[in-house]
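For reference, the structure discussed in these notes is given below.
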Ligand code: 0GY
């Protein structure tokens, strides 16, 4: 299901001005493992090749939301609107004082010294984006050369793609030597149901490749029913129960491109006990798994 894109240069503020306080209290040390910072544009301009222009969403706002929702740490993921300019991400990671890690976007020409500097700031992975409305295509051999550069640092690869593209992408994903984290469960079409061959293909991919993880995030993007996103729960719950040690959860704040359907972050947090019904599963999802992947060193 494609998000509706606004005109490229129309500034879209896509976060709730006043999210509700969730009833669910995350375990101590919980990590929001998928969120972004945007700008401020005056300090960190958006990329000329961007496909949308978000409103500023600063590190201070992100950290305030983290505390308000009962989380302890963030994994900040480079969004396409900043292209390969990771300065806003690195700035936020440094300012978080050990409470944030980052996933950057780099090119095959990335300078090894710059990668080391990013590592020191908290970057632990790179993101490869295959969503056609967000990026122009990058050849797979370029991605493989990037992997050659980042793998020695112990970094992993985060991939974002639509369910319809999985069949074509699977051999590439299976060839990657690092941990591979799939954003938003590979964006299933929730109207097809968890039993559909498309979602089975995704489960099989995870079954057969122990290095492939999934974020069980973004019900607000995938839902047809709308809040509280009950139609997405079976997908996330299936993955959490089948792969409890390879799932991550994130708010996706500030929800790029969700203009018109801006989610309440408190409602998103209150979905967690529905997708991870036991305290043991919640602790793996929110603490143990992200700590192992992002805070091992
Ligand atoms: C997300 C989703 C989106 C955008 C980006 O990098 C991005 O621009 O990730 C989207 O529009 O689906 O994961 O935050």
Completion exercise
Considering region 189-223, residues that are within 16 Å of the ligand (Cβ to nearest atom) and part of a loop (DSSP other than H, G, I, E, B), and then whichever is surrounded by the fewest Cβ atoms within 10 Å (Cβ to Cβ), we arrive at 189
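Mind telling me which of the residues 135, 103, 126 ends up being assigned to a loop (DSSP other than H, G, I, E, B) and in contact with a strand residue (DSSP E or B) (Cβ under 9 Å, 6 or more places away or on another chain)?
Values: 103 fails: assigned to a loop (DSSP other than H, G, I, E, B); 126 fails: assigned to a loop (DSSP other than H, G, I, E, B).
One residue alone meets the criteria, 135.
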Practice task
Please name all residue pairs, on different chains or six or more residues apart, with Cβ atoms under 8 Å, provided the first residue is in region 160-174 and is more than 21 Å from residue 193 (Cβ to Cβ) and the second residue is part of a helix (DSSP H, G or I) and within 14 Å of the ligand (Cβ to nearest atom).
Solution key: 160/183; 160/184
Practice task
Select from region 235-251 the residues that are over 13 Å from residue 185 (Cα atoms) and crowded, with 19+ Cβ neighbours inside 10 Å and list them in ascending order.
Solution key: 251
Practice task
Mind listing whichever residues of region 10-39 are in a loop (DSSP other than H, G, I, E, B), touching a strand residue (DSSP E or B) at 6+ places or on another chain (Cβ under 9 Å) and within 20 Å of residue 262 (Cβ to Cβ)?
Solution key: 10, 13, 14, 15, 36, 37, 39
Handout entry: Criterion violated by residue 52 - all others in (1) surrounded by fewer than 23 Cβ atoms within 10 Å (Cβ to Cβ); (2) within 16 Å of the ligand (Cβ to nearest atom); (3) within 17 Å of residue 12 (Cβ to Cβ) satisfied
Key = (1)
Problem - Close pairs from region 64-91: first within 13 Å of the ligand (Cβ to nearest atom), partner part of a helix (DSSP H, G or I) and at pLDDT below 95, Cβ under 8 Å, at least 6 apart - result: none
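The values are calculated or read from the model by the stated rules, or taken from the named source; none is laboratory data. Since the model is a prediction, treat every value here as computed from it, not as a measurement. As a convention, Cβ positions derive from the backbone with ideal geometry for all residues, glycine included, and neighbour counts pool all protein chains shown.
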